[in-house]
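The values are calculated or read from the model by the stated rules, or taken from the named source; none is laboratory data. Only a predicted model underlies this, so the values are computations on that prediction, with no experimental measurement involved. No Cβ is skipped: glycine too gets one built from the backbone with ideal geometry, and neighbour counts run over all protein chains shown. Protein only, heavy atoms only, side chains kept; ligands, DNA and RNA dropped before computing areas. Shrake-Rupley method; radii C 1.70, N 1.55, O 1.52, S 1.80 Å.
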Amino acid sequence: MYITPLSYAKRTERLSIVSPIRSYGSAPFREEEPTRLPPEPGFYDSFDWNLPYRKAAESAAEWLLHSRQAQLTIRTSSRLIKHNPSLVVLEELLQRVVATINGLHIRYKDLEAYLKPELWSAIEEAMQHSDAKQFGLTKESENWHIDFPNSFPVESSIPLLIGPRGWMTGLHKALEEPLSVKALDLLRGDIPLLQPYSCYYSSMKIYWPFPTSGMLLNRLL
């Protein structure tokens, strides 16, 4: 019996299922998805992207300004104590130093979100000098107070203040060290917007993926 072979078209029709060709990105549930519209360009134009960096720089500059003023107050007080070591002068100048440190602590609390905690911890450590208690220095509710004793050996106490290892000498060093570093070294290291990131040119433009499902080929789109 002679068998007629099937043509190529009939064999394809029998062996493969014909599927409708869809346009790229189409899906049966496309109509059910919410429409994603790009945001208005005015939002990006009005947002100040440099604001966090400017605030961080201003915080470092403000801290340097106030710490220099505190350092100058301590240096001037040390010079006056050296040239006029009297009980009245000693009490007045120590009260001025303590008030300066309390004011500096207020400024640090305002800038604490950007400044390193080591800046204030160094000052706190210098204020807790072992010889400072002899001058009536105490701390209450984050503020330092000094209750100067009535009878005090002034001459023998001068080295405890302005000597090589004195209380005011260590306080002056704690304020002087941050002045010799870069302003960036004064800022906290855990600020997300100040972390070093790499930005590639191809990813700098803001875009919304389309379609919302499926695979995107950047070379074709």
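Brief remarks follow.
- Sum of side-chain charges, residue 76 neighbourhood, beta-carbon under 13 Å (Lys, Arg +1; Asp, Glu -1): +4
- Accessible solvent surface per residue of region 140-187, calculated while the other protein chains remain in place, 1.4 angstrom probe, Å²: 60 Å²
- Computed magnitude of the charge dipole of region 42-183 (debye, nearest 20; Cβ of K, R +1, Cβ of D, E -1): 420 debye
- Solvent-accessible surface of region 77-129, averaged per residue with a 1.4 angstrom probe and all protein chains in place: 52 square angstrom.
- On full extension, the segment bounded by residue 113 and residue 140 gains 7.4 nm, given 0.36 nm per residue less the C-alpha separation.
- Put simply, when 162-169, 183-190 are sorted by average Cβ atoms within 10 angstrom per residue, most first, you get 162-169, 183-190.
- Other residues within the sphere of radius under 12 Å centred on the Cβ of residue 170, judged by their own Cβ, net out at -3 (K and R +1, D and E -1).
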